Every structure is written in structure tokens, then in C-alpha cells.
1. Let me confirm something: among 8, 3, 20, 13, which residue is closer than 18 Å to residue 164 by Cα, surrounded by fewer than 19 Cβ atoms within 10 Å (Cβ to Cβ), over 17 Å from the mean Cα position of the chain (by Cα) and at pLDDT below 90?
2. Select, from 51, 41, the only residue that is surrounded by fewer than 15 Cβ atoms within 10 Å (Cβ to Cβ), farther than 30 Å from residue 167 by Cα and in contact (Cβ under 8 Å) with a residue 12 or more places away in the chain.
3. Go through 101, 59 for me and flag whichever is on the phi > 0 side of the Ramachandran plot and not assigned by TED's automatic domain parsing to the domain that holds residue 186.
4. Within the range 67-78, identify whether any single residue is more than 30 Å from residue 171 (Cα to Cα), within 25 Å of the chain's Cα centre (by Cα), in a helix (DSSP H, G or I) and in the same structural domain as residue 172 (by TED's automatic domain parsing), and answer yes or no.
5. Scan the range 163-173 for residues that are within 17 Å of the chain's Cα centre (by Cα), at pLDDT 85 or above and within 15 Å of residue 93 (Cβ to Cβ) and jot them down.
6. Out of the residues in the range 86-110 that are within 15 Å of the chain's Cα centre (by Cα) and assigned to a helix (DSSP H, G or I), state the one that is surrounded by the fewest Cβ atoms within 10 Å (Cβ to Cβ).
7. Report whether or not residue 136 is surrounded by fewer than 19 Cβ atoms within 10 Å (Cβ to Cβ) and either modelled with pLDDT of 90 or more or touching a strand residue (DSSP E or B) at 6+ places or on another chain (Cβ under 9 Å) (or both).
């Protein structure tokens, strides 16, 4: 995991910038307090639907419909519970932009240095995703083959990071990304 200076300042309505050259985005904790009970109710509803279908529909159809409803409810409910618990347990920023690169704290920590990023946009997909396009010569990155073309056509970028559950100001995020990316491009051009 890449080490960064500790970020202790919470994001306020006036500014979410921790320092002039970094931006920390935190998960929305208040929505997790509503999502957690909803996920639990979804899981219980799946079990209830199985019992209901077995009682009302005799034979294999009741079992089939009941199992389908239960599996769907359990899958949806456990996903909602997992996301809510992740938001409630989070102690630091979920996404950190600084002079070194982008650090995304999800199930594992992902660090992307600025010199590996060709293009970046905070308006990907439905406007709630951070789209990142890597340079072609990057090790393990896109080589310009069919896989890269298909991934970019379907997903829209080489890597997308969802922003929907994070607290941020879109204009401020776009300005910080642009400033940090340009500064990294200037450093890379200066090294050549």
C-alpha cells in the first residue's frame, strides 16, 4: 500500500480539499444507516417469499419461483449490507488524489500513479464514475489490442471508479483532477 500523509480533516460543505495539492473523498455514512436495515429486510423477504411460494403453489413451480425469489433477494440484500458495512467501518478517505497519483480504497487498496494515466474524466458513464484511460506503454496496461478496444467500447474507460457513494463537489473534483494531471504531465515532460 502506498503511504500518504494522513488525512484527518473531514469534508465540509465549503471545501473538501485537505491541502492545496490533494483531495480526499469520503464515503457517505448517513446513507449506510438506511441501507443496512433495508438489506436485512431484503434478505428476510427472500426467505419469506420462499415459504409463501411453497404454501401457495403446489409442486415444482412453487419451489422454482420461491428459490428464484429467495436467491435474488439474498444476493441483492447481502450486496447492500456489504456496502453499508464498508461505509460504516471506513476510517479514512475512500478516494485520495495527490501529487503522486490516485489511491482508491475498496476491498484492497489500488494506487495509480499520474504518469500511467493518459486521460481522466469525472463524467464517465451516467456521470457518477471516474473514468481512467492508461498510457499504451504501461506494463500490464492496454496494448492497443482487441481487448482494450472492447473494454473501452463497453465500459468507456480502462478503469472506472464509482463516485456515487462518495461525498464530493463535481466542479472541485474536476478542477483538482485537471490541475494534478497537468502537473504530472509537466513533470514527465521535464524528465524527457
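1. Residue meeting the stated conditions: 13.
2. Numbers: 41 fails: farther than 30 Å from residue 167 by Cα.
Unique residue meeting the criteria: 51.
3. Values: 101 fails: not assigned by TED's automatic domain parsing to the domain that holds residue 186.
None of the others qualify; the one that does is 59.
4. Taking the range 67-78 as the starting set, the residues that turn out to be more than 30 Å from residue 171 (Cα to Cα) are 67-78.
Next, from what is left, pick out any that are within 25 Å of the chain's Cα centre (by Cα): 71-78.
Pick out the ones that are also in a helix (DSSP H, G or I) and you get 71-78.
Within this subset, residues satisfying the condition of being in the same structural domain as residue 172 (by TED's automatic domain parsing) are none.
Scanning the range 67-78 turns up no residue that is more than 30 Å from residue 171 (Cα to Cα), within 25 Å of the chain's Cα centre (by Cα), in a helix (DSSP H, G or I) and in the same structural domain as residue 172 (by TED's automatic domain parsing).
5. Taking the range 163-173 as the starting set, the residues that turn out to be within 17 Å of the chain's Cα centre (by Cα) are 163-170, 173.
Now narrow it down to the ones that are at pLDDT 85 or above: 163, 166-170, 173.
Selection gives 163, 166, 167, 168, 169, 173.
6. Going through the qualifying residues, I end up with 86.
7. Details: surrounded by fewer than 19 Cβ atoms within 10 Å (Cβ to Cβ): yes; either modelled with pLDDT of 90 or more or touching a strand residue (DSSP E or B) at 6+ places or on another chain (Cβ under 9 Å) (or both): yes.
Yes.
Residue-wise test of (1) buried (at least 16 other Cβ atoms within 10 Å of the Cβ); (2) over 20 Å from residue 24 (Cβ atoms); (3) modelled with pLDDT under 80.
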position: 123; (1), (2), (3): no, yes, yes
position: 126; (1), (2), (3): no, yes, yes
position: 146; (1), (2), (3): no, yes, yes
position: 161; (1), (2), (3): yes, no, no
position: 175; (1), (2), (3): no, no, no
position: 179; (1), (2), (3): no, no, no
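The values are calculated or read from the model by the stated rules, or taken from the named source; none is laboratory data. Predicted model, so just to flag it, every value in this text is computed and none were measured. Cβ coordinates were reconstructed from backbone atoms using ideal geometry, including for glycine residues, and neighbour counts include every protein chain displayed.
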